[in-house]
Amino acid sequence: MDAFNAVFTPDNLNYIMRGFWMTVRVAFFSILFSIVIGTALGIIRSYGNFVLRKLAGFYIELFRNTPNLLWVFVCFIAAPFPTAFGRACFAYVLFTSAMMAEIVRGGLNAIPKGQFEAASSQGFTLAGALWYIVIPQCFRRIIPTMMSQIVTVIKDTSFLAQVAIGELLFNTKDLMAKLPVYTGHALTFPEVALLFAFAMLLYFILCFTLSCTARYIQKRNNTATNQRAEG
């Protein structure tokens, strides 16, 4: 109880939650832009002309085969953004867009070619067929894989601790370094364990909630598909 009271003061909790909010913000904006860019890249690699396919393929292979942490360092030093938050988001968008592109491309490849023929017979252009018919089906298929990648992005925001950006893990470690100054004694093992356990709990709640949401959406989609098949 003494360790709990020493660690979880209002100021300490506020500091940790500020880091958690930074984690959520970086993950949210990174995922949002990565889905948009990754979808565009996946479409280009599947249906673009030769030059565009090769350019998209080069981008995807470059980032898929290099570490995410490397791009965090590169963008923190060289990205043309005035804030650490902007540089952090840019690093994750660069990397995650390539992952999303391959997920989208896999979903597009799973759509029967007859869908395009049926759309063409109804007067749809390629763009119209993609927007109204193919992409909605694609996203229903790739939800589990995409949600897995989203959870990975959230966990990988912990890399930002390496460049002193105040996300959840960095603020937790920083608090461990500062607490001995505030309390006048070295941290005990229970205090360290409580701090790490609390950070782990926050990561778990966020990621587990998303995983449950993905399973629910997938189950609902499967139920709707079965009902249409039976009908």
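Legend: Rg and Dmax of region 34-118, from Cα coordinates, 14.9, 50 Å. The fraction of all Cα pairs in region 79-158 landing in successive 5 Å bins from 0 to the largest distance is 3, 14, 19, 16, 14, 11, 10, 7, 4, 2, 0, given as whole percents.
For region 121-231, taking Cα atoms only, Rg and Dmax work out to 22.6, 77 Å respectively. Calculated on the alpha-carbon coordinates, the convex hull of region 58-106 measures out at 70 cubic angstrom per residue.
Under the convention that each Lys and Arg Cβ holds +1 and each Asp and Glu Cβ holds -1, the size of the dipole of region 20-153 around its Cα centre is about 40 debye. Note on the chain: with charges restricted to the Cβ of Lys and Arg (+1) and Asp and Glu (-1), its dipole about the Cα centre is near 760 debye. Computed from the C-beta positions of PHE204 and ASN14, the FRET efficiency with R₀ = 30 Å rounds to 0.90.
In loop segments of region 102-165 as defined by DSSP, the trypsin sites (Lys or Arg not before Pro) with at most 16 further C-beta atoms inside 10 Å of their C-beta are LYS113. Dipole of the chain computed with +1 at Lys/Arg Cβ and -1 at Asp/Glu Cβ about the Cα centre; of PHE29, ILE77, ILE111, farthest Cα towards the positive end is ILE111. The Cα atoms of the chain cover 77, 46, 24 Å along the three principal axes, with the biggest extent listed first.
Each of PHE189, ALA129, LEU175 was scored by the projection of its Cα onto the charge dipole of the chain, and the greatest displacement toward the positive side belongs to ALA129; charges sit on the C-beta of Lys, Arg, Asp and Glu.
Laboratory data are not the source of any read-out in this text; all were calculated from the coordinates shown. Being a predicted model, the structure only gives us computed values, none of them experimental. Glycine gets a Cβ as well: all are built from the backbone with ideal geometry, and neighbour counts include every protein chain shown.
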